[in-house]
Amino acid sequence: MEIDDTYLASCPFCGSRSVRMVEGIKGINAYYLVVCEHCGAQTSFEYTSTKVGCLNAWNRRTL
């Protein structure tokens with residue numbers, strides 16, 4: 001299954017659906033985080049080294 005932004009829940013802080021997963025590099029490792037483009041909420045960059053882990057971390061949060 002390809003993980004994309006359609007699987008992300010809306011922002012647990014503002015309710016916006018304008019959330020997206022982004023990839024970044026820290027040191028030599030790739031990490032993922034989800035960012036709300038409306039209020040700036042995001043998952044922790046430290047613990048989400050896979051897309052599935054990032055998706056699960058974001059979707060565990062609820063309004």
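Expressed as a whole percentage, what fraction of the accessible surface of the range 9-60 belongs to carbon and sulfur atoms when a 1.4 Å probe is rolled over the protein heavy atoms? Carbon-and-sulfur percentage of accessible area, whole number: 49. When the charge dipole of the chain is built from unit charges on Cβ atoms (+1 for Lys and Arg, -1 for Asp and Glu) and taken about the Cα centre, the candidate among Gly24, Pro12, Leu55 whose Cα reaches farthest toward its positive end is Pro12.
At a probe radius of 1.4 angstrom, the accessible area of the chain per residue rounds to 64 square angstrom. Taking θ as phi - 60° and the Karplus parameters 6.51, -1.76 and 1.60, the scalar couplings of the range 52-60 work out to 5, x, 5, 4, 5, 4, 5, 6, 6 Hz in sequence order, x denoting glycine and proline. Karplus-based coupling profile of the range 15-28, in residue order and whole Hz: x, 5, 8, 7, 10, 8, 8, 10, 10, x, 10, 10, x, 10, with θ = phi - 60° in 6.51 cos²θ - 1.76 cosθ + 1.60 and x standing for Gly or Pro. Regarding the chain, what's the average projected area of the Cα-atom convex hull, expressed in nm²? For the chain, averaging the hull's shadow over all directions gives 4.0 nm².
Within the range 1-39, the GluC sites (Glu not before Pro) that combine a DSSP coil assignment with at most 14 other C-beta atoms in a 10 angstrom radius are Glu2, Glu37.
The values are calculated or read from the model by the stated rules, or taken from the named source; none is laboratory data. Note that this is a predicted model, so its numbers are computed, not measured. We place every Cβ from the backbone using ideal geometry, glycine too, and count neighbours over all the protein chains shown. All accessible areas refer to the heavy atoms of the entire protein, side chains included, with ligands and DNA or RNA removed. Shrake-Rupley method; radii C 1.70, N 1.55, O 1.52, S 1.80 Å.
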